[in-house]
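Visitor: Below you will find the structure I want to go over with you.
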Amino acid sequence: MTATSAGAGDVRYDRAREGATVLGIYLASIAVALVAAALVLLATGGSWTSVLSALLDGSVRGPGRWGTTIGVAIPLLLVALGTIVNSRGGLVNLGQEGQLFVGAALGTYVATHIGTGGPGVLFLIMLAGVAGGAIWAGIAAVLRYQRRMPEVLTTLLLVFVASQAVGYGLKNKNLLLDPTPDQANRNLISERLRPDTRLPRLDWFGNEFPMTAFIALLLAILVALVLRWTIVGFRLQMLGRGPRTAHRAGVSEARYGGLALVVSGAFCGLAGAFMLAGGDFGNYRLTPNYPVNIGWEGLLVALVGRNHPLVSIPVAFIFAGLRTGSGFLAATGVDRDITKVVQALLVLALLVPPAILFVRDRRRALAAAADRV
Amino acid sequence: MVGDFFSAVGDVLSSETTYSSGWRLAVALAFVAVGEWIAERAGTINISVEGSMLAGAFAAAMGYDASGSVAVGLLIGAAAGLLVGAVQAHFSHNLTANQFVVGLTLNILVLGLASFLNSSLKPETATAHVFEVPGLVEIPLLGPALFGQPWPLYLLYPLVPLAWWLVYRTRWGLEVRAVGENPQAADVSSIDVNARRRQAIYFAGITSGLGGGYLLLGQVGWFEDAIVGGQGFIAIAAVIFGGWTLRGAMLGCLLFGSANSFRLSLPAVGHPLNSELLSSLPFVLTICVMALFAHRTREPQSLARPFIRGLR
């Protein structure tokens, strides 16, 4: 009796120690990344305190900046949700940037060609965005399961095709280019969305943001629930963790893998449509280079959030804060690209702890196995 | 109309500048593709070559600014490329982090770092002088393109046979190929799988850094954030397009480089061809070639699969 209770105490103690170790490794990695970023700053004569305060002003402290940051966090979160779906299914999608761009472009096409407005049209724009992203990822899915081409490569290559294709659309008046006669031909931008096809914006305590923030949150919860509690989610993750087990259990690789890719693309396309109709990007117009790296960064959000939908919510907000905060750096005389450096260093640093823990756990397991023999 | 178009194409094809510019653009890709080819033969799709190239270009600019010598600039560029490659190699083949995520993050990091440092340091650069190989430069049409170029371009000429010799004629190359095909078997034969993969990535980093240095000092002449602008990805496409053979990869670089120079020179003769089509050609063509000839080209069998002993 005493032995078992002592054992339980040991387990509890071990767990606490384990948690402290994990936390310690994470904190140490983040500290190393931040110190490295500070060193880069010092080497060029910047002051990190003023940079930090400018970043905080730009992301949360300044008037109305919460709203701006939320506006940027919405597409980041959506892209991350899509990425989580395909990563859990064991597929690598590197084409978020392109899927988002195609979604936004198709949304623009629908918005500018329908000619009327209203909630129905707004819904159609969202649908067009979803369809655009899903089609672009669907190409990769078809090539993956019909021609056995690695989805990693096709999705990546399709990013560049997407930006050229949309670029072509932005040069043609019957596709995307603004047909207004006084509009100079060199300005490759689309017509502005009519006011009644824009997403309603909320105003909370002086912070203005599109109402899609709530849709994004709901979708995050939905993805978490589907992955946790449904058969589809279970089969998808079985495919990701053990393709051979999944095969024996009768999970069709083409069906579930293809579904994961298409859903992933659909999320990115929806992010593009939200960006377009939300007003935080490009002022309701499609421009060349419209996705401004949101696709790449959304991928990193999913990664830092360890492929968990709910954890990705705060991560998306932090990444958005770095982006909106960088706009306030001009006053400090430091180039705004420093935030890219900070972001990438943070992501690299966060790659280290899981790897270290994996190697350690493996070594322990191997030692335990050797003991048994 | 059609006749006009063909006469314009004829004008482009009969001018020596077309060949020169096409060759220059192809060479920048080829520097990267040579290294990427070895990395992929060892089993890594090394996305960080884009970052290595940019790091090489910026470091070459800094090196030239500090020393005034093109050779020093190129060396420092190669070292910077190696540094990026080393980070990629150790994260993906030592810490077992996902190679694509590491590569993508490194590309963002290098882009941020280079544009940040460029805005505060502003290196002064120039282009290397043109060296005309006596005799050979007299060859009509192709002579000036192949042998009348800024001298860093000539570094590629020994580099390609060197890479071929390394991969097909040395023990190291045999091991690199084994590691890319069947790492479990290689491991049992006491080959250090992840070490070989790391070394292949170092090689890719060096050549990409050199490619970036060449781009800056041999072609563009000043540093800008968009100097690389996806050329690393085009080089990756060229390796895949070439079906993981050196010959094919070099052919891909030549094709994609020429397409790019065609895009740049067609408006000059008054015929704006669809430039988006030409820009996306490398990627569309690579996807089509992969889809059509998937059964004929054999990719390294464990391409993009990490190796952890005991786990398949």
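Visitor: Counting only other chains, and only Cβ atoms inside 10 Å, what mean value do you get across the residues of A:341-352?
Guide: Rounded to a whole number, the mean comes out at 5.
Visitor: Here's a follow-up. For the protein assembly as shown, just list the percent of Cα-Cα distances falling in each 10 Å bin from zero outward, please.
Guide: Spelled out per bin, shortest first, that is 3, 14, 24, 27, 20, 9, 3, 1, 0, 0.
Visitor: Using only helices, what value at 222 nm comes out for chain B when you add -39,500 (n - 2.57) per DSSP H run of length 4 or more and divide by the total residues, to the nearest 500 deg cm²/dmol?
Guide: That comes out to -22500 deg cm²/dmol.
Visitor: Then there's this: Quickly estimate the mean residue ellipticity at 222 nm for chain A, helices only: each DSSP H run with n ≥ 4 gives -39500 (n - 2.57), and the total goes over all residues, rounded to 500.
Guide: Roughly -24500 deg cm²/dmol at 222 nm, from the helical runs in chain A.
Visitor: Taking chain A as a Gaussian network, where each spring joins two C-alpha atoms under 10 Å apart, which residue of A:298, A:115, A:206 fluctuates the most?
Guide: Comparing A:298, A:115, A:206 in the GNM, the peak value goes to A:115.
Visitor: Would you kindly calculate the mean projected area, averaged across all directions, of the convex hull enclosing the Cα atoms of the stretch A:135-254, in square nanometres?
Guide: 12.4 nm²
Visitor: Let me ask something additional. Quote the charge dipole size of the stretch B:21-296 about the Cα centre in Debye, to the nearest 20; the model charges only the Cβ of Lys and Arg (+1) and of Asp and Glu (-1).
Guide: Using Cβ point charges on Lys, Arg, Asp and Glu, the stretch B:21-296 gives about 520 debye.
Visitor: Multiply the residue separation of residue A:255 and residue A:23 by 0.36 nm, subtract the distance between their alpha-carbon atoms, and state the gained length in nm to one decimal. Mind dumping the intermediate values first?
Guide: Values: separation 232, 0.36 × 232 = 83.52 nm, distance 3.87 nm.
Between residue A:255 and residue A:23, full extension yields an extra 79.6 nm.
Visitor: Roughly how tilted is helix A:231-241, in degrees to the nearest 10 and between 0 and 90, from the longest Cα axis of chain A?
Guide: Orientation of helix A:231-241: about 70 degrees from the principal axis.
Visitor: Per-residue mean of other chain beta-carbon atoms within 10 angstrom of the beta-carbon, peptide B:113-126?
Guide: Mean partner-chain Cβ count within 10 Å for B:113-126: 4.
Visitor: Convex hull over the alpha-carbon atoms of the stretch B:1-105: what's its volume per residue in Å³?
Guide: 161 Å³
Visitor: Related question: Using label points projected 7 Å from each Cα along Cα→Cβ, tell me how many nm separate residue A:289 and residue A:244, to one decimal.
Guide: Using points 7 Å along Cα→Cβ, the separation is 4.8 nm.
Visitor: How long are the three semi-axes of the equivalent ellipsoid for the stretch B:106-201, computed from the Cα gyration tensor as the root of 5 times each eigenvalue, in whole Å, largest first?
Guide: Details: eigenvalues 271, 146, 15 Å².
Working from the Cα gyration tensor, I get semi-axes of 37, 27, 9 Å.
Visitor: Something else: Which listed residue (A:168, B:20, B:85) has the Cα farthest towards the positive end of the charge dipole for the protein assembly as shown, taking +1 on Lys and Arg C-beta and -1 on Asp and Glu C-beta about the Cα centre?
Guide: Positive-most Cα among the choices belongs to B:85.
Visitor: In the stretch A:249-333, which trypsin sites (Lys or Arg not before Pro) are in a loop and have at most 16 other Cβ atoms within 10 Å, using DSSP for the loop call?
Guide: Values: sites: A:255, A:285, A:306, A:323; in loops: A:285, A:306.
Hits after loop and neighbour filter: A:306.
Visitor: Hydropathy first: keep DSSP H helices in chain B averaging at least -1.0 on Kyte-Doolittle, then drop any whose Cα extent along the axis falls short of 18 Å, and list what survives. All intermediate terms of the calculation are to be shown ahead of the outcome.
Guide: Details: long enough: B:16-41 (36 Å, 0.39); B:49-67 (26 Å, 0.75); B:70-93 (33 Å, 1.57); B:99-121 (31 Å, 1.60); B:156-169 (19 Å, 0.95); B:193-214 (32 Å, -0.06); B:246-265 (28 Å, 0.82); B:275-292 (25 Å, 1.82).
Flagged H segments are B:16-41, B:49-67, B:70-93, B:99-121, B:156-169, B:193-214, B:246-265, B:275-292.
Visitor: Have a look at A:220, B:31, A:207 and report the one farthest towards the positive end of the charge dipole of the protein assembly as shown, computed about the Cα centre with Cβ charges (Lys/Arg +1, Asp/Glu -1).
Guide: Going by the charge dipole, the pick is A:220.
Visitor: Then there is this: For the residue pair residue A:127 and residue B:274, what label-to-label distance in nm results when each label sits 7 Å from Cα along the Cα-to-beta-carbon direction?
Guide: Here the answer is 2.9 nm between the modelled labels.
Visitor: Give the share of C-alpha pairs in each 10 angstrom bin for chain A, from 0 to the last occupied bin, in whole percents, shortest bins first.
Guide: 5, 20, 28, 25, 14, 5, 2, 1, 0
Visitor: Now a separate question. In Å², what does the accessible area per residue of chain B work out to with a 1.4 Å probe?
Guide: With all protein chains present, chain B gives 40 Å² per residue.
Visitor: Follow-up. Summed for both chains, how many Å² of accessible area, to the nearest 100, are buried between B and A with a 1.4 Å probe?
Guide: Details: alone 14440 and 19520 Å², together 30110 Å².
Using a 1.4 Å probe, the pair buries roughly 3900 Å².
Visitor: Residues in the stretch B:247-268 near a label at residue B:164, defined as backbone nitrogen under 12 Å from the 7 Å Cα→Cβ point?
Guide: B:247-251
Visitor: A further question follows. Label points 7 Å out from Cα along the Cβ direction at residue A:35 and residue B:133: separation in nm?
Guide: Computed distance between label sites residue A:35 and residue B:133 equals 5.1 nm.
Visitor: What Rg and what Dmax come out for the stretch A:304-373 when only alpha-carbon atoms are used, in angstroms?
Guide: 19.0, 66
Visitor: Okay, next question. Only Cα pairs within less than 10 Å get springs; with that Gaussian network setup on chain B, which residue of B:213, B:243, B:232 has the largest fluctuation?
Guide: B:243
Visitor: Which one of A:86, A:187, A:207 has the biggest mean-square fluctuation once chain A is modelled by GNM with Cα springs under 10 Å?
Guide: A:187
Visitor: Then there is this: What angle do you read, to the nearest 10 degrees and between 0 and 90, between the alpha-carbon axis of helix A:65-88 and the longest principal axis of chain A?
Guide: 60 degrees
Visitor: May I ask for the Kirkwood hydrodynamic radius of the stretch B:173-281, worked out over all distinct Cα pairs and given in angstroms to one decimal?
Guide: Every distinct Cα pair counted, the radius reaches 16.5 Å.
Visitor: Sticking with this one: Once Rh for chain B is found with the Kirkwood sum over Cα pairs, what is the Stokes-Einstein diffusion coefficient at 25 °C and 0.890 mPa s, in µm²/s?
Guide: In µm²/s, the coefficient rounds to 123.
Visitor: At 1.4 Å probe size, with every protein chain present, just tell me what the per residue accessible area of chain A comes to in Å².
Guide: Solvent-accessible surface per residue comes out at 47 Å².
Visitor: Say a site is exposed when it is one of the GluC sites (Glu not before Pro), sits in a DSSP loop, and has at most 16 other Cβ atoms within 10 Å; what is then the longest site-free stretch of chain B?
Guide: The reported range is B:1-123.
Visitor: Over chain B, with every protein chain in place, what whole percent of the accessible area is carbon and sulfur at 1.4 Å, could you tell me? Don't jump to the answer; show the numbers that get you there.
Guide: Numbers: 8210 of 12500 Å².
That share works out to 66 percent.
Visitor: Further question: Return the carbon/sulfur percentage of the accessible area of chain A, one whole number, probe 1.4 Å, all protein chains in place. Write out the running numbers ahead of the final one.
Guide: Details: 11350 of 17600 Å².
Here carbon and sulfur together make up 64 percent of the probe-accessible area.
Visitor: Related question: Based on the alpha-carbon gyration tensor of the stretch A:233-373 and its eigenvalue square roots a ≥ b ≥ c, which shape applies: rounded if a/c is under 1.5, prolate if not and a/b is larger than b/c, or oblate?
Guide: It is oblate, given that a/c is not under 1.5 and a/b is not larger than b/c.
The values are calculated or read from the model by the stated rules, or taken from the named source; none is laboratory data. Since this is a predicted model, take the numbers as computed values, not measurements. Cβ: placed from backbone, ideal geometry, glycine included. Neighbour counts: every protein chain shown. Accessible surface areas use protein heavy atoms only, side chains included; no ligands, DNA or RNA. Shrake-Rupley method; radii C 1.70, N 1.55, O 1.52, S 1.80 Å.
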